[in-house]
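The values are calculated or read from the model by the stated rules, or taken from the named source; none is laboratory data. Note that the structure is a prediction, hence the values are computed from the model and not measured. Virtual Cβ from ideal backbone geometry, glycine too; neighbours counted across all protein chains shown.
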């Protein structure tokens, strides 16, 4: 595996954690997520249009595209709710760590696929990590809500990941990313405008909104570029290092409580996600 591949995939994980930090730190996460979709569309739409020139998309492709846009919309709504109610260092490792857990489990339950021993070890490590972040079985209400939201976001990520994989057979990645941003914008527009504070959020966070609009799609594109230099089986588990980045940023930048057990839980989830990637 080349050094460039490693740098790109680690950068992808860090960039993803960074824009999630900005979303959590904003005055209103829903407005922040809504606002940066405009930036993402302005920056990436010309490239998406270019990639689609002369491409004929079948009816099946349109159907899968519509489904993935809907799933991305559910994800972004759940994400805004998560950051309004829970800490970054709680929700981020849960949503990023459990999304690779749901995909192979759904494959086992619905498609008759099998996990090797290392894969089942990954499942166990992720479960222990979730419990560690949640403080064990005796959840307080706030902790329980954070766990539920994190798992719900993780399930949404797993769902759109599975559909994205199929949709990429019909349209290029940059077009899929950009059309998903358009879908996110459509889903968030009514609740965003109802707040009456869209301009106030822009004035407060315009620098991080602009940066997130560029970096959110870029984090995925960095991973795709890394795949041109190394196989996906080697790189996908490494991307889960972003779980640790998100947890550390929440604890040391946002000064969130529970540092020790959250870092331990994030490390267990990261180890489990890597084991799953290697054992799937």
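What the table shows:
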| item | result |
| --- | --- |
| Complete set of residues in region 159-170 that are assigned to a helix (DSSP H, G or I) and surrounded by 13 or more Cβ atoms within 10 Å (Cβ to Cβ) | 159, 160, 161, 162, 163, 164, 166, 167 |
| Tally of residues being assigned to a loop (DSSP other than H, G, I, E, B) and over 22 Å from the mean Cα position of the chain (by Cα) across region 171-219 | 2 |
| Qualifying residue in region 51-58 (condition: touching a helix residue (DSSP H, G or I) at 6+ places or on another chain (Cβ under 9 Å), in a helix (DSSP H, G or I) and closer than 15 Å to residue 160 by Cβ) | no |
| Which numbered condition residue 249 fails, given (1) in contact with a helix residue (DSSP H, G or I) (Cβ under 7 Å, 6 or more places away or on another chain); (2) under 29 Å from residue 70 (Cβ atoms); (3) modelled with pLDDT of 90 or more | (2) |
| Complete set of residues in region 23-50 that are in contact with a helix residue (DSSP H, G or I) (Cβ under 8 Å, 6 or more places away or on another chain), surrounded by fewer than 20 Cβ atoms within 10 Å (Cβ to Cβ) and more than 15 Å from residue 181 (Cβ to Cβ) | 25, 27 |
| Condition broken by residue 9, with the remaining ones in (1) closer than 19 Å to residue 191 by Cα; (2) buried (at least 24 other Cβ atoms within 10 Å of the Cβ); (3) at pLDDT below 95 satisfied | (1) |
| Selected residue (only one of 65, 121, 79, 105 is modelled with pLDDT of 90 or more, farther than 20 Å from residue 247 by Cβ and surrounded by 15 or more Cβ atoms within 10 Å (Cβ to Cβ)) | 65 |
